[in-house]
């Protein structure tokens, strides 16, 4: 490309994936322009769960506390509760801590839930507000709402992007481009890349066309006879539905499945309110704020995550049924993975294998995570209800007991998922150096901390009350573990020669040495263990490989 570039990276799409990439690049001084077709952000609540691993990345970027301050009041419980109808029989409940309690209890946990951050239940609209502000604060990032991409062209040494806003048109030039433009991604379609997987799973809920309303009900908690929850499920033969509290005061979103012969746009407001009342089970005045429709039953992953200088991320690369809350969180990790690699190449120290590793690492994770989400959807959506589920008397009691047993198990299956959250791995990646060990089995509800290269760096709290992640550098970190203080000078010298940013951090406790299983551990910018060993004799070869130089 002979003409001047407008920036280093053009990002198409202003959702969590695009905004997170803008922040990752901006924090590294990389120029990025983000084009978002919507002139103003949507205020319809969508994803509701920020998983612990995503919160750890927000902590790394410095704004986890801002996200945790959003959404529900600090002492509001985040229970998941199941009812025949919201004002009738409670069938099951999985109690989870408020955001204030989560802040305090995270330092008391070990084993599967040893983490710097716990999950946070918050609507995506509030998360995006924080992400947008953080991206806008980066001097090298330009957010441009209202711009629709009409075409792009990979010139071989750059990308040209045509965009329009109203009657205004422009052509922007950059070195790379990310299409994070949603499930109907024009970027993916222009690349000729298809989704592969399941599109039409049939379930009583979470398997078809879904209808949602965002509403205000100031008297909701006055009428509700049960303890507050974050998510409420209605399970009866007239209406299966779920509802999330948006602000813990008076706003909610209610989701239910509609019949195949129904069209969402033909559902009147009165019919929408009647759907809610079938789940609620008592009179309640509600004010409709918004309505929407979406498809459940997807387990889709793109056959390619990009081509040459154009990449795909978020819903453009994978579509989930939202059980488990994995779609938005997987999208954020796409951006985290790609961000440091693009910056490394643009800053001159990253080799060609870095960008090639994005698809290798993230496509496998997307297939894993979509499969877990499908399993959660099967569990909640295929359970057969007894006809007597709402009856009085012994038969009704027995039916509710059976349903309660199932949903008590299901809630823990879907909402206590440290294995899914922390256990994602990049085994077989060309930029991970294996050490001959095997990781523990991949189980959704159990995470076994391990420093086997390719997975999340094991977490622990340091004697000074910091998370070990707080001690990491922003790029590569070499941990010297245990009281012996092994020699790290070969890594420091090799890093200087190769231009790889490297921080050397001493963690001298025996606990840390035992947890990591080695005297030295090399941690990537995304907090993945890239290598571990007891001597630095192969430091130059290790750093060349993990920085993408083969």
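Report whether or not residue 424 is at pLDDT 95 or above and either closer than 28 Å to residue 109 by Cβ or crowded, with 18+ Cβ neighbours inside 10 Å (or both). Give the steps one after another, and end with the answer.
Numbers: at pLDDT 95 or above: yes; either closer than 28 Å to residue 109 by Cβ or crowded, with 18+ Cβ neighbours inside 10 Å (or both): yes.
Taking the combined requirement at face value, the residue satisfies it.
Might you let me know whether region 79-86 holds any residue that is surrounded by fewer than 22 Cβ atoms within 10 Å (Cβ to Cβ), part of a loop (DSSP other than H, G, I, E, B) and either assigned by TED's automatic domain parsing to the domain that holds residue 280 or at negative phi (or both)?
Here is the first cut: in region 79-86, the ones surrounded by fewer than 22 Cβ atoms within 10 Å (Cβ to Cβ) are 79, 85.
Filter again for part of a loop (DSSP other than H, G, I, E, B), leaving 79, 85.
Still in the list and also either assigned by TED's automatic domain parsing to the domain that holds residue 280 or at negative phi (or both): 79, 85.
Yes, region 79-86 contains at least one residue that is surrounded by fewer than 22 Cβ atoms within 10 Å (Cβ to Cβ), part of a loop (DSSP other than H, G, I, E, B) and either assigned by TED's automatic domain parsing to the domain that holds residue 280 or at negative phi (or both).
State which residue is surrounded by the fewest Cβ atoms within 10 Å (Cβ to Cβ) when the search covers only region 247-284 and only residues that are touching a helix residue (DSSP H, G or I) at 6+ places or on another chain (Cβ under 6 Å) and part of a strand (DSSP E or B).
That would be 256.
Being surrounded by 15 or more Cβ atoms within 10 Å (Cβ to Cβ), in contact with a strand residue (DSSP E or B) (Cβ under 6 Å, 6 or more places away or on another chain), more than 14 Å from residue 87 (Cβ to Cβ) and assigned by TED's automatic domain parsing to the domain that holds residue 390 is the requirement here; does residue 243 meet it? Step through it out loud before you land on a result.
Numbers: surrounded by 15 or more Cβ atoms within 10 Å (Cβ to Cβ): yes; in contact with a strand residue (DSSP E or B) (Cβ under 6 Å, 6 or more places away or on another chain): yes; more than 14 Å from residue 87 (Cβ to Cβ): no; assigned by TED's automatic domain parsing to the domain that holds residue 390: yes.
Criteria not met by residue 243.
Regarding residue 541, is this residue surrounded by 16 or more Cβ atoms within 10 Å (Cβ to Cβ), modelled with pLDDT of 95 or more and outside the structural domain of residue 112 (by TED's automatic domain parsing)? Spell out how you get there, then give the answer.
Numbers: surrounded by 16 or more Cβ atoms within 10 Å (Cβ to Cβ): no; modelled with pLDDT of 95 or more: yes; outside the structural domain of residue 112 (by TED's automatic domain parsing): yes.
It is false that residue 541 is surrounded by 16 or more Cβ atoms within 10 Å (Cβ to Cβ), modelled with pLDDT of 95 or more and outside the structural domain of residue 112 (by TED's automatic domain parsing).
From the residues in region 381-404 that are in contact with a helix residue (DSSP H, G or I) (Cβ under 7 Å, 6 or more places away or on another chain) and under 27 Å from residue 296 (Cα atoms), which one is surrounded by the fewest Cβ atoms within 10 Å (Cβ to Cβ)?
Here the answer is 386.
Based on this model, can you work out whether residue 59 counts as closer than 20 Å to residue 471 by Cα, in contact with a helix residue (DSSP H, G or I) (Cβ under 8 Å, 6 or more places away or on another chain), in the same structural domain as residue 135 (by TED's automatic domain parsing) and assigned to a loop (DSSP other than H, G, I, E, B)?
Details: closer than 20 Å to residue 471 by Cα: yes; in contact with a helix residue (DSSP H, G or I) (Cβ under 8 Å, 6 or more places away or on another chain): yes; in the same structural domain as residue 135 (by TED's automatic domain parsing): yes; assigned to a loop (DSSP other than H, G, I, E, B): no.
Against the criterion (closer than 20 Å to residue 471 by Cα, in contact with a helix residue (DSSP H, G or I) (Cβ under 8 Å, 6 or more places away or on another chain), in the same structural domain as residue 135 (by TED's automatic domain parsing) and assigned to a loop (DSSP other than H, G, I, E, B)), residue 59 does not qualify.
Here is a list: 518, 536, 451, 530. Which entry is in a loop (DSSP other than H, G, I, E, B), within 14 Å of residue 434 (Cα to Cα) and either touching a helix residue (DSSP H, G or I) at 6+ places or on another chain (Cβ under 9 Å) or assigned by TED's automatic domain parsing to the domain that holds residue 116 (or both)?
Details: 518 fails: either touching a helix residue (DSSP H, G or I) at 6+ places or on another chain (Cβ under 9 Å) or assigned by TED's automatic domain parsing to the domain that holds residue 116 (or both); 536 fails: within 14 Å of residue 434 (Cα to Cα); 530 fails: in a loop (DSSP other than H, G, I, E, B).
Selected residue: 451, the only one of 518, 536, 451, 530 that is in a loop (DSSP other than H, G, I, E, B), within 14 Å of residue 434 (Cα to Cα) and either touching a helix residue (DSSP H, G or I) at 6+ places or on another chain (Cβ under 9 Å) or assigned by TED's automatic domain parsing to the domain that holds residue 116 (or both).
Taking the criterion of being touching a helix residue (DSSP H, G or I) at 6+ places or on another chain (Cβ under 6 Å) and more than 14 Å from residue 468 (Cα to Cα), would at least one residue in region 502-514 satisfy it?
Yes, region 502-514 has at least one match.
Restricting to region 47-56, what's the tally of residues that are within 23 Å of residue 26 (Cα to Cα) and either in the same structural domain as residue 527 (by TED's automatic domain parsing) or part of a loop (DSSP other than H, G, I, E, B) (or both)? Walk me through it before giving the result.
Our first condition is that a residue be within 23 Å of residue 26 (Cα to Cα); within region 47-56, this holds for 50, 53-56.
Those left that are additionally either in the same structural domain as residue 527 (by TED's automatic domain parsing) or part of a loop (DSSP other than H, G, I, E, B) (or both): none.
Qualifying residue count for the region: 0.
What tally of residues in region 87-120 results from selecting those that are under 30 Å from residue 223 (Cβ atoms) and in a loop (DSSP other than H, G, I, E, B)? Walk me through how you get there before you give the answer.
Of region 87-120, the ones under 30 Å from residue 223 (Cβ atoms) are 87-102, 119-120.
If we keep only those that are in a loop (DSSP other than H, G, I, E, B) as well, we get 87-89, 95-98, 119.
Of the residues in region 87-120, 8 are under 30 Å from residue 223 (Cβ atoms) and in a loop (DSSP other than H, G, I, E, B).
The values are calculated or read from the model by the stated rules, or taken from the named source; none is laboratory data. Predicted model, so just to flag it, every value in this text is computed and none were measured. Cβ: placed from backbone, ideal geometry, glycine included. Neighbour counts: every protein chain shown.
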